[in-house]
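Asker: There's a structure below that I have some questions on.
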């Protein structure tokens, strides 16, 4: 099943790239440009990697994969991920990748750079224990309209926040683009009402990075009282009762 899933995924990715080839990877430049993005994504132990969509291959993985999965960076590849993914989650992965490709084929090149893909699945560490990974991806390189050639992926261990439940897919709009949350595999493209405002998402992202209200206020040049009001409003909107519960639900639902 793993081999068949890998072959099916490669076909999906080739369609996503419109059978074009990505440019040679300039690792130093890519890391410099996207270093700030890594901080945005960090909500727990994580590693990042560069993925060549046109070839279906991982080009570089950060050393932190050793801490999260227990394998050395050079061993981490798409076949490795597929062979260690929980068998029950592998079909979700294929469905999500197919729907993500359909969605991005509707976008202009500039729009493709303004979306984050977010879903979760379970993967087995080298010690045999399954952990739940939050899979977040942004586009780094595009070709013809609708094509994605290279992406940056971040895998975060969210086992402490989500122990059970089926994987969920969200397409998070950045820079004013609409978001599509908890996307059903037969309903990509139907807009959903944003749960949180842009400022609330920014505050929540800062909370996830462990920043206190005063630090968040200084970061966004607003008052501490405004930050506290945002925190209270987010709890009410999401029907949660604590910051920890809010963060856990945000990760499960793909709100940030």
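Asker: Which residues, counting only those in region 87-115, are more than 19 Å from residue 182 (Cβ to Cβ) and part of a helix (DSSP H, G or I)?
Answerer: 90, 109, 110, 111, 112
Asker: Looking at region 204-219, which of the residues that are modelled with pLDDT of 90 or more and assigned to a helix (DSSP H, G or I) is nearest to residue 173 (Cα to Cα)?
Answerer: Among residues in region 204-219 that are modelled with pLDDT of 90 or more and assigned to a helix (DSSP H, G or I), the one nearest to residue 173 (Cα to Cα) is 216.
Asker: Still on this structure, I have one more. Give the residues of region 149-164 that are under 14 Å from the mean Cα position of the chain (by Cα) and within 18 Å of residue 86 (Cα to Cα), sorted by residue number.
Answerer: 155, 156, 157, 158
Asker: Only residues that are in a loop (DSSP other than H, G, I, E, B), at pLDDT below 90 and surrounded by fewer than 15 Cβ atoms within 10 Å (Cβ to Cβ): list them for region 222-241, please.
Answerer: First, the residues of region 222-241 that are in a loop (DSSP other than H, G, I, E, B): 222-223, 239-241.
Of the ones still in play, those that are also at pLDDT below 90 are 239-241.
Within region 222-241, 239, 241 meet the criteria.
Asker: Would it be correct to say that residue 154 is part of a loop (DSSP other than H, G, I, E, B), surrounded by 14 or more Cβ atoms within 10 Å (Cβ to Cβ) and modelled with pLDDT of 90 or more? Steps first, please.
Answerer: On the way: part of a loop (DSSP other than H, G, I, E, B): no; surrounded by 14 or more Cβ atoms within 10 Å (Cβ to Cβ): yes; modelled with pLDDT of 90 or more: yes.
So residue 154 fails the test.
The values are calculated or read from the model by the stated rules, or taken from the named source; none is laboratory data. All values reported here derive from a predicted model rather than from experimental measurement. In this analysis, Cβ positions are derived from the backbone assuming ideal geometry, glycine residues included, and neighbour counts consider all displayed protein chains.
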